[in-house]
Amino acid sequence: MDANALTAALHSCYFLATPQMKLSRSTPVRILLADDNQHGLLARKMILQEQGFEVEAATSGEEAWEIFQREHFDVVVTDYRMKQMNGSELIRLIRTSGSPARIIMLSGFAAAIGMTEASTGADQVIAKSNKEVPELLRAVKKLAHVPVKRGPASAGSMALRTLRKSG
């Protein structure tokens with residue numbers, strides 16, 4: 001298959017998959033951000049708002065849980081290590097509430113203590129590092145547009161499988 005045919009096929013897959021990706025939302029993605037480090041909280045809030053997200057901030061797990069119960073959020077970003085209620089406890093409360101919110105756990109200890117999505121209940125775990133900002137933005141954009149429950153294969157994924165078989 002030549003490059004032009006491959007480009008055309010990928011273009012076709014993209015346009016078939018676009019409706020499932022919810023790229024154009026009528027309302028902005030709502031994010032709840034929880035961290036007891038006010039400097040980190042403010043920096044992340046500003047970065048996310050600059051990207052067009054609607055962000056509510058909480059300086060503790062308890063405050064985040066109170067806000068979460070009153071309002072709807074598409075994504076929750078929580079630090080792991082906070083006083084009193086930590087990020088894992090907040091995740092447990094959110095998961096048991098039945099909410100479809102997607103959750104991102106941030107931690108400076110993620111690699112050191114082996115934090116994973118399975119061990120934390122988060123949809124994604126991100127290590128606090130110099131790569132945190134692009135990883136956080138990528139994760140928020142991905143998770144905000146991924147449905148919680150997986151249904152039948154989308155038209156885009158079926159077209160991609162057909163392309164792979166023919167190539």
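Numerical summary
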item: Ser129 at pLDDT below 85, small (Gly, Ala, Ser) and assigned by TED's automatic domain parsing to the domain that holds Ala34; result: yes
item: Residue that is buried (at least 17 other Cβ atoms within 10 Å of the Cβ) and modelled with pLDDT under 85, where the choices are Met105, Met85; result: Met85
item: Residues that are buried (at least 16 other Cβ atoms within 10 Å of the Cβ) and of a type outside the set (A, V, I, L, M), drawn from the stretch 41-58; result: Arg44, Lys45, Phe53, Glu56
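The values are calculated or read from the model by the stated rules, or taken from the named source; none is laboratory data. Computed from a predicted structure; not experimentally measured. Methodologically, a virtual Cβ is constructed for each residue, glycine included, from the backbone with ideal geometry; neighbour enumeration extends over all protein chains shown.
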